[in-house]
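Notes follow the structure.
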Amino acid sequence: MENNQTNAEKIQIEVVYGIPTSQKILALSVDNNSTIEDAINESGIKALYNEIDLSVNKVGVWNRSAKLTDIVNDLDRIEIYRPLIADPKEVRKRRAEKAKEEGRANKITGGRVKPL
């Protein structure tokens, strides 16, 4: 009976981190009422990827932004995000400028040019 009580106090989660060449998904049991930070530390993923710094890396649960102090729920997938290399707005802006220069976009409206 004590074993059932112990299992009831634990929940199943995953901690995920990826780099361009690989990703790691660690499944583990953590205490009910654990925070995201507790779960990440307990997973041991920081030992596998020494570039993880929880004061810098943002985290989320199932692709939704979360705080390190949020409580995890059973079957949550905790994701540790890498910092962005380039600002997505700047990348889109440069791509649009290039399309205008190449004649693939209208120079005034930015809309697509109809093929001849």
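Would you point out the residue of the range 30-63, among those that are hydroxyl-bearing (Ser, Thr, Tyr) and surrounded by 12 or more Cβ atoms within 10 Å (Cβ to Cβ), that is nearest to residue 9 (Cα to Cα)? Per the stated criteria, the residue is 34.
One residue stands out among those in the range 1-42 that are in a loop (DSSP other than H, G, I, E, B) and out of contact with any strand residue (DSSP E or B) (no Cβ under 8 Å at 6 or more places or on another chain): the one that is modelled with the highest pLDDT, which is 21.
The values are calculated or read from the model by the stated rules, or taken from the named source; none is laboratory data. All values reported here derive from a predicted model rather than from experimental measurement. Quick reminder, even Gly has a Cβ in these numbers, built from the backbone with ideal geometry, and neighbours come from all protein chains shown.
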